[in-house]
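**Q** The structure that follows is given in the form of structure tokens.
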Amino acid sequence: DKNGYDHYMLKEIHEQPQAVAQTIKGRLDRDIGKINLENYGISKINLKEIERIQIVACGTSYYAGCLARYFIEQFTRIPVEVDLASESRYRTPTVTAKTLSVALSQSGETIDTLQAIKFAKENGAKTLAIVNMPGSTIAHNCHDESLIYAGPEVGVASTKALSAQISSLIILGLALAQEQKKLSSEKIAEYIDELVKIPSLLEKTLTLSSYIEHLSKKFYNALSILFIGRGPQWYVAMEGALKLKELSYIHAEGYAAGELKHGPIALIDENIWSVCIAPKDSYYEKTISNIEEIRARGGKILAVGTEGDENLKSISDEFIGVPECSELIQPFLTTVPLHLLSYWVAVKKGTDVDQPRNLAKSVTVE
Ligand code: M6R
């Protein structure tokens, strides 16, 4: 049931506020500044013993892992490694009894992720499945299972599962920090206050849809689009590029903004659009100089930034503003216009949005 929407993807993009609300529900106790481990799904693993974290995943789930790594390391100072599941097992990664290996998968059935987590378990790691579908094969093969409760995701493109996965990994980071006494309960309470704001901020951001539909006219004929960002926004850029390729078959590349001048800047000319993600965060000034570099070479710029940022607006050809919020919340909001952009570009091109060519919802062959 598409609930009145033309496609499952659009419905699922709009379901993100509820998805995140479900992921965090019952797992955070603001009053005492505590994460409820049992409700989160940790019962067998002792988080106090963990000295390293490995996250294995594919596609959009991999980007969720890469993005959350910034926050988990910030909270815990525990080193986090994020591995593409299809590569992980074949390089025989070092895991020990003090490694927490996390299999991150919407479906819980992705074969590469299953193989990677099996390898980690066989080699002594503690394994946690963070999945959306209950009763999955990946969860069966892990010590503990934490459901993200995003609700069924039918569109091949993963949208609401991504926000739910990032929320879940942030909770995991806070849980580790709590168990290892790296953050005080006051500090954890502050982060909880941040997390509970996500659904309403997502709701506000979703009102951008009709504006982005209008903007998509400028993009659907593009041959190639570059996406750039720094810090967590680097992975928002990667995700934006993946979705555009997947849905509209337009070539796109996601890049760390600081890497532009090490090669890809050669692509820039007056025919190329760059989608630059630059909310007001600690990387802002640096990203702005990268945008100036593109501009100086005649490239066209679609900026995704903070509402009311006149400075960014003045150096861009097009501007999309998301609500002002903390750095922890920004990636949730900046993802929304990129998902909507790929959706509306695909609709304009007339491609099959919910079932793009050559793809399956869950990839069960290696
Ligand atoms: O079910 P999973 O989270 O394990 O799936 C991983 C990828 O196949 C998936 O995220 C894929 O990249 C999406 N189609 C992207 O929109």
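**Q** Quick one: angle between helix 185-195 and the longest Cα principal axis of the chain, in degrees between 0 and 90, rounded to 10, please.
**A** 40 degrees
**Q** Would you please classify the overall shape of region 42-148 from the alpha carbon gyration tensor, given that a ≥ b ≥ c denote the square roots of the eigenvalues, rounded means a/c under 1.5, and beyond that prolate means a/b larger than b/c while oblate covers the rest?
**A** rounded
**Q** So, one more: Residues of region 225-239 with amide nitrogen under 16 Å from the 7 Å Cα-to-Cβ point of Asn271?
**A** Of the residues in region 225-239, 225-226 have backbone N under 16 Å from the label point off Asn271.
**Q** Would you give the gap between the C-alpha center of region 250-318 and the C-alpha center of region 1-44, rounded to a whole Å?
**A** 32 Å
**Q** Can you give me the % of accessible surface on the chain that is carbon or sulfur? Probe 1.4 Å, all protein chains present, nothing else counted.
**A** With neighbouring chains kept in place, the figure for the chain is 48 percent.
**Q** What ranking of Glu51, Glu153 comes out by heavy-atom accessible area, probe 1.4 Å, highest first?
**A** The residues order as Glu51, Glu153, largest area first.
**Q** Rounded, prolate or oblate: which fits region 235-333, taking a ≥ b ≥ c as square roots of the Cα gyration tensor eigenvalues, rounded meaning a/c under 1.5, else prolate when a/b beats b/c? Mind showing how you got there, number by number?
**A** Details: a/c = 1.58, a/b = 1.20, b/c = 1.32.
Taking the square roots of the gyration eigenvalues as a ≥ b ≥ c, region 235-333 is oblate.
**Q** A further question on this structure: Angle between the Cα long axis of helix 232-248 and the longest principal axis of the chain, 0 to 90 degrees, nearest 10?
**A** Between helix and principal axis, roughly 70 degrees.
**Q** Hey, another quick one. What does the C-alpha gyration tensor say about the overall shape of the chain? Classify as rounded when a/c is under 1.5, otherwise prolate if a/b is larger than b/c, or oblate.
**A** It comes out prolate by the Cα gyration axes.
**Q** With the cut-off at 18 Å, tell me which of the pairs Lys34/Lys182; Lys11/Lys160; Lys11/Lys218; Lys300/Lys348 have Cα atoms farther apart than that.
**A** Long pairs (Cα-Cα over 18 Å): Lys11/Lys218; Lys300/Lys348.
**Q** Just add up the charged neighbours of Asn46: K/R +1, D/E -1, any other residue whose Cβ is under 13 Å from the Cβ of Asn46.
**A** Working: positive: Lys44, Lys48, Lys98, Lys126; negative: Glu49, Glu51, Asp144, Glu179.
Its environment carries a net charge of 0.
**Q** For every other residue with a beta carbon closer than 12 angstrom to the beta carbon of Leu114, add +1 if it is Lys or Arg and -1 if Asp or Glu, then tell me the sum.
**A** Every neighbour counted, the sum reads 0.
**Q** Using only DSSP helix segments of four residues or longer, with each worth -39500 (n - 2.57), what per-residue ellipticity at 222 nm results for the chain after dividing by its residue count and rounding to 500?
**A** -13000 deg cm²/dmol
**Q** Hey, another quick one. Provide the packing ranking of 173-180, 220-227, i.e. peptides ordered by the mean count of other C-beta atoms within 10 Å per residue, highest first.
**A** 173-180, 220-227
**Q** Within 10 Å, count the other beta carbons around each residue, average over each peptide in 182-189, 83-90, and list them highest first.
**A** Working: 182-189: 15.8, 83-90: 18.5.
Packing order, densest peptide first, comes out as 83-90, 182-189.
**Q** At 0.36 nm per residue, and after removing the present C-alpha to C-alpha distance, how many nm does the segment from Asn3 to Lys48 gain when stretched out fully?
**A** Values: separation 45, 0.36 × 45 = 16.20 nm, distance 4.44 nm.
Gain in length upon complete extension: 11.8 nm.
**Q** Please compute the contact order of region 52-96 in relative form: average sequence separation of alpha-carbon pairs under 8 Å and at least six residues apart, divided by the residue count, as a percent.
**A** 48 percent
**Q** Hey, what's the chain come to in accessible area per residue, 1.4 Å probe, Å²?
**A** Ligands and nucleic acids excluded, the result is 40 Å² per residue.
**Q** At a Förster radius of 41 Å, what calculated FRET efficiency corresponds to the Cβ-Cβ distance of Glu38 and Arg297, to the nearest 0.05? Don't skip to the end; give the middle numbers.
**A** Working: r = 55 Å, r/R0 = 1.33.
The pair Glu38/Arg297 has a calculated efficiency of 0.15.
**Q** Then there is this: Can you list the GluC sites (Glu not before Pro) in region 238-326 that are in a DSSP coil and have 11 or fewer other beta carbons within 10 angstrom? Each step should come with its number before you reach the end.
**A** Details: sites: Glu239, Glu246, Glu253, Glu259, Glu270, Glu285, Glu292, Glu293, Glu307, Glu310, Glu318, Glu324; in loops: Glu270, Glu307, Glu324.
Taking region 238-326 and a limit of 11 other Cβ atoms within 10 Å, the loop GluC sites (Glu not before Pro) found are Glu270.
**Q** Let me ask you something else. Could you give the angle, 0 to 90 degrees to the nearest 10, between helix 284-296's Cα long axis and the longest principal axis of the Cα atoms of the chain?
**A** The answer is roughly 30 degrees.
**Q** Moving to a separate point now. Can you give me the relative contact order of region 294-337 as a percent, contacts being Cα pairs under 8 Å and 6 or more apart? If you can, show how the numbers build up before the last one.
**A** Values: 51 pairs, mean separation 15.0, N = 44.
Rounded, it is 34 percent for region 294-337.
**Q** So what J values fall out for region 327-336 if you push phi through Karplus, 6.51 cos²θ - 1.76 cosθ + 1.60 with θ = phi - 60°, rounded to Hz, Gly and Pro as x?
**A** 4, 5, 8, 3, x, 4, 7, 5, 5, 4
**Q** Between Tyr249 and Leu223, with labels modelled 7 Å along Cα→Cβ, what's the label distance in nm to one decimal, could you check?
**A** The answer from the label model is 1.7 nm.
**Q** What does the charge count near Ser184 come to, summing +1 for each Lys or Arg and -1 for each Asp or Glu among other residues with Cβ under 12 Å from its Cβ?
**A** Within the 12 Å Cβ shell, the charges total +2.
The values are calculated or read from the model by the stated rules, or taken from the named source; none is laboratory data. Please read these numbers as outputs of a predicted model, since none were measured by experiment. Reconstructed Cβ throughout: ideal geometry from the backbone, glycine too, with neighbour counts over all protein chains shown. Surface accessibility is based on the protein's heavy atoms, side chains included, excluding ligands, DNA and RNA. Shrake-Rupley method; radii C 1.70, N 1.55, O 1.52, S 1.80 Å.
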